[in-house]
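Working notes, beginning with the structure itself.
The values are calculated or read from the model by the stated rules, or taken from the named source; none is laboratory data. Keep in mind that what you see is a predicted model, and the values were worked out from it rather than measured. Quick reminder, even Gly has a Cβ in these numbers, built from the backbone with ideal geometry, and neighbours come from all protein chains shown. Just so you know, the surface numbers come from the protein's heavy atoms only, side chains and all, with ligands and any DNA or RNA stripped out. Shrake-Rupley method; radii C 1.70, N 1.55, O 1.52, S 1.80 Å.
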Amino acid sequence: MADVILEGIKKSYGAVTVIEHLDLDIRDQEFMVLVGPSGCGKSTALRMIAGLEEITGGTLSIGGRVVNDVPPKDRDIAMVFQSYALYPHMTVRENLEFGLKIRQTPRAEMDRRVREAAEILGIAELLARKPKQLSGGQRQRVAVGRAIVRKPSVFLFDEPLSNLDAKLRVQMRAEISKLQKTLKTTTVYVTHDQIEAMTMGHRIAVMRSGQLQQVGTPLEVYEQPANLFVASFIGTPPMNFVPATFTDGGATVTASGFKMPVPEPFRAASAGRDGAKVVLGIRPENVREASREGGGETVRVTAKVEFVEPLGHEVIVHGRVGDELIVAKVDPHRSPRIGSTIDLMIEVGAAHLFDAATEKRLGS
Amino acid sequence: MRPNRSEEPAHWPLHIFVLLMVLITVYPILWVVTIAFSGGQSLAITNVPANATFGERLRAIVPWPAHVSATNFVSLFRDQPFARWLLNSVVVAGMTTILGVALACTAAYAFSRFRFPGRRVGLMAFLVSQMFPGTLMLIPLFIILVQWLKLGSTFTGLVLIYTVTAIPFCVWMMKGYFDTIPKELEESALIDGASQATIFFRIILPLAKPAVAVTALFSFMTGWNEFIQAATFMNREDMYTGPVGLRFFVGGFSQQWGYFAAGSIVAAIPVMALFLFLQKYLVSGLTAGAVKG
Ligand SMILES: Nc1ncnc2c1ncn2[C@@H]1O[C@H](COP(=O)(O)OP(=O)(O)OP(=O)(O)O)[C@@H](O)[C@H]1O
Ligand SMILES: [Mg+2]
């Protein structure tokens, strides 16, 4: 068991700086998800924790010990690769045993651990097979098994589910979460899939071009995104962004098609900033049909329907309000026709305001 | 769906063509076999009279001995020192294989995985060395090996030459193969606690078996078949290798084509055996299943 602390971590390849300055405090027994778009440096950060990539600057400590110059094998970590990286010439059992043999684990102990891991992962019948005789999902389990037999103090996962089909991915997502709950091993999990991040992580670290944008529980990141990037990255369909200005001495905010009171949490930041440019953020789930009941303060807008996506349990409507396109989630039984107009209610309390210039959440 | 049989082009012209090609390819070999088993030393199997009939002429070009006899083979080993020469070849080719494979594997691994000063230059140098014919090196090699190192007529000298001749090709070949082995396998092993040596011997080499097989075969054949350098550096008759010995039968004043043919056949056997033995390693696709398939 150990915590992982990154302090001012920097990574450059020659003249190219991939990570400028990364501070991240991963607690003992925590499931931390690093999420961000492709090329943002998630894998690089993970590989530095693993010791596969040299750290250009800053300090990395695992379990209170600075490990910048400690080789991977002495960091007490295990890693699951996106490609699984199973040894193709060894059977599943040999794959699981490889790390234990090298560490000269006694035979009895080794057998016990392999049996245990195989049972947890449901791969007991596959032990005699070679990797090429396994399905993608089974390979994935073996890769996880190889990590858990070692009983390391930190698990590192680099997009372990991205090669699986959608259904299997959902299943493995739950299994890995459950496994981590049982084993209570500190875990760093890299993904570019925000749903994986939301469903699996105790906390999420959102990254963009090598910079940490926000760290928090899934709910914190969802409800109080620190900036426009995080707001757009977390949630499907993504949050609506509408350029707007403060009016009435900062008591209201006006967009091209409508005007609404400034939500309570932003009042302090908006007061007296008449005319200041902001970006109003509204999640599609907070825009509903006028006919549907619901609590809280709302403003009514009229939208011209341009595009409709029926998903079965809900319908996503893209409607034009003033000059802006607004996406709303509506009742599946009342799917509007393209070209028609519908009345929508925007929940004022759930709206977010961002500074148009800095893109940061107002008042933070 | 298969097209209707009657719509397919007829196969027999193709078969005849292939048969003809096989005949052309095999014909000279059949002659060697014929002469070897003829029991004589002559290149011809019958005497064609001055005014030969068509049948007599035809008989002269059909590779079949007048009477089959193994005396050439027996005498090759009993009356001639051919066994000794073959043994020399086995030693030289075997040593070349061992040394060549060991050096090529390790060098190629370094070229494939490590970045060090001189890497590009080294790889290019190997390639450039292949552009010159071996005969060009004969005189410098003679000066270095025989005059300076005093390694004339020794196994060490010949093995040294053959190994350095074989290595450039082997290194390129092995490097190409190592490049295809996913780096994650090594990283995974590294995290599992394996040392560089363990990774090389327990992960990389087993996966590179097909390439090692090709490298071994190539090194062996380099040592086994080479003639010019062996003839230049092996001056003592008891140090001759197989090919030099064969040449001895038909060079200068002797015209023992029977021994020559029989010897050629015997000399071909080890290479063929090695091919068959290594065949199962030559199948590629051993890395299948390492990563997502
Ligand atoms: N050896 C290298 N030399 C130069 N730049 C590199 C090197 N390796 C990675 N990079 C750069 O570092 C950045 C981050 O790479 P990284 O692999 O960490 O991205 P990622 O967030 O894991 O993306 P993905 O989701 O696609 O895996 C990328 O822009 C990449 O081009
Ligand atoms: Mg990555």
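For the pair B:Phe17 and B:Phe201, label points projected 7 Å from Cα toward Cβ lie 5.4 nm apart.
A convex hull fitted around the alpha carbon atoms of the stretch B:23-173 yields 205 Å³ per residue. For A:Lys184, a cut-off of 14 angstrom between C-alpha atoms picks up these aspartates and glutamates, skipping any fewer than 8 places away in its own chain: A:Asp3, A:Asp28, A:Glu30, A:Glu175.
Using the reciprocal of the averaged 1/r over all distinct C-alpha pairs, how large is the Kirkwood radius of the protein assembly as shown in Å? Write down the numbers at each step before the final one.
Values: mean 1/r = 0.0313 Å⁻¹.
It is 32.0 Å.
Using a probe of 1.4 Å, the accessible surface attributed to A:Val170 totals some 80 Å² when neighbouring protein chains are kept in position. For the segment A:70-83, counting C-beta atoms of other chains within 10 Å of every residue's C-beta and taking the mean gives 4. Taking every protein chain into account, the 1.4 Å probe leaves A:Arg208 with about 100 Å² of accessible area, to the nearest ten.
Strictly over 21 Å apart at the Cα level, which of A:Lys277/A:Lys304; A:Lys130/B:Lys175; A:Lys10/A:Lys42 would you flag in this model? The partial results should precede the final answer.
Details: A:Lys277/A:Lys304 26 Å; A:Lys130/B:Lys175 26 Å; A:Lys10/A:Lys42 13 Å.
Too far apart for the 21 Å limit: A:Lys277/A:Lys304; A:Lys130/B:Lys175.
Peptide A:87-93 has a mean shielding of 5, counted as Cβ atoms of other protein chains within 10 Å of each residue's Cβ. At q = 0.13, 0.15, 0.16 Å⁻¹ the log10 of I(q)/I(0) for chain B amounts to -1.04, -1.17, -1.24, computed by Debye summation with a single uniform scatterer per C-alpha, solvent ignored.
Which of the helices in chain B, when you take each full DSSP H run, stretch at least 18 Å along the axis at their Cα atoms and have an average Kyte-Doolittle score of -1.0 or higher? Please list the in-between numbers first.
On the way: long enough: B:12-36 (35 Å, 2.14); B:82-113 (45 Å, 1.25); B:155-180 (36 Å, 1.14); B:209-225 (23 Å, 0.74); B:257-282 (37 Å, 1.45).
Taking the DSSP H segments of chain B (at least 18 Å long, mean hydropathy at least -1.0), we get B:12-36, B:82-113, B:155-180, B:209-225, B:257-282.
Projecting the Cα atoms of B:Gly193, B:Ala261, B:Gly245 onto the charge dipole of chain B (Cβ charges, centred on the Cα centre) puts B:Gly193 farthest toward the positive pole.
Taking every eigenvalue of the Cα gyration tensor of chain A, multiplying by 5 and rooting it, what semi-axes result, largest first, whole Å? Provide the component values of the computation, followed by the final result.
Numbers: eigenvalues 426, 128, 47 Å².
Over the Cα atoms of chain A, the semi-axes work out to 46, 25, 15 Å.
Of the residues A:Val321, B:Val212, the one with the largest accessible area comes first in the ranking B:Val212, A:Val321, computed with a 1.4 Å probe on protein heavy atoms. Only protein heavy atoms count here; under a 1.4 Å probe, B:Met137 has an accessible surface of about 90 Å². Compute the separation of the alpha-carbon centres of the stretch A:108-162 and the stretch A:176-241 and state it in Å as a whole number. Each part's Cα centre sits 26 Å from the other's. A 1.4 Å probe over all protein chains sorts A:His352, B:His67 by accessible area into B:His67, A:His352, starting with the largest. With a 1.4 Å probe rolled over the protein heavy atoms of all chains, the accessible area of A:Leu311, B:Leu158 falls in the order A:Leu311, B:Leu158, largest first.
Partner aspartates and glutamates whose Cα lies under 16 Å from the Cα of B:Lys209, excluding those fewer than 8 positions away in the same chain, are identified as B:Asp179.
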